[in-house]
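Here's the structure, in structure tokens; my notes come after.
The values are calculated or read from the model by the stated rules, or taken from the named source; none is laboratory data. For clarity, every value in this text was computed on a predicted model and none was experimentally measured. Positions of Cβ are backbone-derived with ideal geometry, glycine not excepted, and every protein chain shown enters the neighbour counts. Heavy atoms of the whole protein, side chains included, go into the accessibility calculation; ligands, DNA and RNA do not. Shrake-Rupley method; radii C 1.70, N 1.55, O 1.52, S 1.80 Å.
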Amino acid sequence: MSLTLSRRVLAHLAAHPVEEGAASVPREITQEGIAEALDAQVAHVSRALKSLVGEGLVHAYLAHPKGGKRRSRAHVLTDSGRKVAATLPREPRATVTRAAPAAPPAPARVPAGRERAFADLVALYDSSLKEGPRIALLEGGAGTGKTRLLAAFGAEVAKRGARVLSGASVPVGGEQWLGPLAQALAPLGLEARQRARAAGTPRERALEAARDTILAGSAAAPLVVVLDDVHHAGPSAVEFLHGLFLALPQGTRVLVVAAFRREEAWELPNGPLYTALMPLRDLPRAKLVTLPPLDRAGVAALLADAGVHVLGDTKLPDDLVERVWRESGGNTHYALAMGAELADGVDEEDFFPASVRNAARERFASLSPDQLAVLQLAAVAGAEFSYAVLARAYDGPEERLVEVLDHLLDKLLLEEAAGEPGRDLVLRFEHPKVRETVLADLTATRRRWLEGRVAAGHAG
């Protein structure tokens, strides 16, 4: 007799008894541990566990798995579950098989909702073949799908005969000249050309070497140089890229695509990276390509392309698409993470999975203590809040509050809401998940204290 997955889960939990409510538990009773032990897909095990919890046979609670840093759901049998497990026959281990993993999507496929940006990049490539060097600045917020778009575009132009060279920046600190260019141009012998030059400053030698490397490479085939996460390299690398682009002869068949996070680059007033990018953006041979949040149709297409469905349906129901779009704010990464969580049924936690929380936390991880304190106060004040209320609730000079708010606005954590003339200024969180993450990270004690400050601000 072959057992269903639900009954196999019961038998597994019976073989790994743990005292209900234990703070530290073996990994074998977590969702991932059960899936690994039964050689089953995690989504299928999750669905089975939800069914067993609904039947009253299994109790789930949060605990720390041994060897893990974060809490996970632990699962133990209830009294009813133990009685049912005792009646189950043993099943040979050999009958358990794992389904073959799904093949990853073809990288040349245009990401859903990014067709216009893809077409803009292809048009720039075509222009570079006829008219010489072109540069595209690809701007988008964290999680908007820049890297996926670059992969699809690179695959497309490679099919058209271009040689695609890619590099990505990392936040190593300090002044960088070449930045991701060093990685991208390495296959064409950039380092050897740098060593061969003795005259001039180090920056001048690097610029000449990079120019000659591109000229040599583009003589054999059109070049597409893809530079991701340029914001990590900083203004020096952007200024170097500007100088290199101006040094290329008119007939050079090369397109440079430099991608950066919008929230890191366009700091106002006149942040250093913003100042460095402006001359590049204004060049007649350059184009700024922006990736705005996906609209509802874009999110629906994204989820459909990813094969997201619930419990065997062929697609995600419209009401769930609507909620994923609203909760994700059109952020590609957030929407895909939520869609993956919905594969085994709908749970409120599916709309705030750990991957979304961690990505949102990265948005404010680098804030100073006083900047984080204001963001926490704003989060307690609401998704939208009055500046006057915040100013009365803030325990410090108003001038300092304005300085901090300017920084939070520059980082696109907050935004000013359009209001009626003469009415109090209203601010809001740029993305709802950032606010939810700030609130989730607060201790109960601090949140209660902040609520008191906000209440005092409303009282005036």
> Between the helical axis of 444-459 and the dominant principal axis of the chain, each derived from Cα atoms, what acute angle in degrees is found, rounded to the nearest 10?
Replying inline: 70
> Does the chain classify as rounded, prolate or oblate by the C-alpha gyration tensor (a ≥ b ≥ c root eigenvalues; a/c under 1.5 gives rounded; else a/b over b/c gives prolate, otherwise oblate)?
Replying inline: oblate
> How much length is gained on full extension from Glu384 to Ala14, taking 0.36 nm per residue of separation minus their Cα-Cα distance?
Replying inline: 128.3 nm
> Once a ≥ b ≥ c are taken as the square roots of the eigenvalues of the Cα gyration tensor of region 188-252, is the result rounded (a/c under 1.5), prolate (a/b larger than b/c) or oblate (a/b not larger than b/c)?
Replying inline: oblate
>> Under 8 Å for C-alpha pairs, at least 6 residues apart: give me the relative contact order for the chain, rounded to a whole percent.
In response: 13
>> Given a Förster distance of 30 Å, report the FRET efficiency between Lys159 and Arg116 from their Cβ-Cβ distance, rounded to the nearest 0.05.
In response: 0.90
> In the chain, what percentage of the DSSP-assigned beta bridges are antiparallel, given to the nearest 5?
Replying inline: 35
> Pulled fully out, how much extra length does the chain show between Ala456 and Leu409, if you take 0.36 nm times their separation in residues and subtract their Cα-Cα distance?
Replying inline: 14.5 nm
> Taking the highest mean first, how do the peptides 438-444, 296-302 order by number of other beta carbon atoms within 10 angstrom per residue?
Replying inline: 296-302, 438-444
> Which order, highest average first, do 219-228, 116-125, 326-335 follow once you tally other Cβ atoms within 10 Å for each residue and take the mean per peptide?
Replying inline: 326-335, 219-228, 116-125
> What's the angle, to the nearest 10 degrees (0 to 90), between helix 115-131's Cα axis and the longest principal axis of the chain?
Replying inline: 20
> Which aspartates and glutamates have a Cα less than 15 Å from the Cα of Lys146, not counting those fewer than 8 places away in the same chain?
Replying inline: Glu115, Asp120, Asp228, Asp229, Glu263, Glu264
> Against the longest alpha carbon principal axis of the chain, how many degrees, from 0 to 90 and to the nearest 10, is the axis of helix 42-54 turned?
Replying inline: 40
> In deg cm²/dmol, rounded to 500, what helix-only [θ] at 222 nm does the chain give when every DSSP H run of at least 4 residues adds -39500 (n - 2.57) and the total is split over its residues?
Replying inline: -15000 deg cm²/dmol
>> Just the number please: accessible area per residue for the chain, 1.4 Å probe, all protein chains included, in Å².
In response: 49
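With a Förster radius of 56 Å, plug the Cβ-Cβ distance of His59 and Ala198 into 1/(1 + (r/R0)^6) and report the FRET value to the nearest 0.05.
Taking R0 as 56 Å, the efficiency between His59 and Ala198 is 0.15.
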>> If each residue of separation counts as 0.36 nm, what is the full-extension length gain between Ala440 and Ala354 once their alpha-carbon separation is subtracted?
In response: 29.8 nm
> Leaving out ligands, DNA and RNA, what percent of the accessible area of the chain is carbon and sulfur, probe 1.4 Å?
Replying inline: 53
